[in-house]
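> Take this structure, written in structure tokens, and hold onto it; I'll ask about it next.
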Amino acid sequence: LGAEVSYYIPNRIGEGYGLSCGAIDHLAKKGVQLIITVDTGITATDEAELILSLGMELIITDHHECYADVPRAYAVVNPKQQDCPYPFKELAGVGVVFKLICACEIYLAEKRGESVKDAVLAVCREYVDLTAIGTIADVMPIIDENRYIVAVGLDAVQNTNRCGLN
């Protein structure tokens with residue numbers, strides 16, 4: 001979409017799980033303007049406040065249980081939030097991100113007057129293999145949407161051009 005994107009994977013031994021103030025400071029010094037978490041952040045209220053105080057934006061994608069108060073962020077995408085109407089609550093962290101990518105593509109397709117179905121199918125073709133592997137690795141129940149993601153994704157893995165999967 002034209003954004004300059006990088007990533008940060010915390011060292012779990014030295015930094016622990018999830019967002020850390022050290023990582024946030026490091027990203028701020030690099031000029032990062034938006035942090036999107038993957039599979040973490042739903043309990044990071046202090047870290048979210050630090051991000052906001054540094055003038056950055058935060059989007060949290062997570063699938064873990066929520067406290068009553070979720071961190072302040074531009075968006076919090078987690079089907080286990082109390083007020084979330086999404087019917088399937090057992091998505092893996094990668095499944096939540098997959099759904100976010102689908103939502104972005106739907107928005108863009110509608111804006112361009114293109115087929116929403118084609119947009120979602122394109123996302124599936126591009127990412128369902130990785131989403132299936134992540135769902136299995138996260139030891140999620142293989143029911144409902146997860147069952148479909150894994151079935152379609154494992155089929156895609158058999159015909160992948162991804163170096164790491166080949």
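The values are calculated or read from the model by the stated rules, or taken from the named source; none is laboratory data. Quantities reported herein were computed from a predicted structural model and do not represent experimental measurements. Virtual Cβ from ideal backbone geometry, glycine too; neighbours counted across all protein chains shown. Accessible surface areas use protein heavy atoms only, side chains included; no ligands, DNA or RNA. Shrake-Rupley method; radii C 1.70, N 1.55, O 1.52, S 1.80 Å.
> Is one or more of the residues making up the stretch 125-143 within 18 Å of the chain's Cα centre (by Cα), free of Cβ contacts under 8 Å to residues at least 40 places away in the same chain and outside any helix (DSSP H, G or I)?
yes
> Next question, about the same structure. Quick one: Ile142 ticks every box in (1) in contact with a Cys (Cβ under 6 Å, 6 or more places away or on another chain); (2) over 23 Å from Ile36 (Cα atoms); (3) among the hydrophobic types (A, V, I, L, M, F, W, C) bar one, so which box is it?
Condition (1) is where Ile142 drops out.
> Okay, moving on. Considering only residues that are under 17 Å from Val97 (Cα atoms) and either among the charged types (D, E, K, R) or surrounded by 13 or more Cβ atoms within 10 Å (Cβ to Cβ) (or both), which ones fall in the stretch 130-143?
Leu130, Thr131, Ala132, Ile133, Gly134, Thr135, Ile136, Asp138, Met140
> Further question on the same structure: What about Ala156, is it more than 19 Å from Lys89 (Cα to Cα), in contact (Cβ under 8 Å) with a residue 24 or more places away in the chain, open to solvent by less than 70 Å² (accessible area, probe 1.4 Å) and part of a helix (DSSP H, G or I)?
In short, yes.
> Output the number of residues of the stretch 117-129 satisfying the condition of being open to solvent by less than 80 Å² (accessible area, probe 1.4 Å) and either touching a His at 6+ places or on another chain (Cβ under 6 Å) or under 18 Å from Thr160 (Cα atoms) (or both).
Matching residues across the stretch 117-129 total 6.
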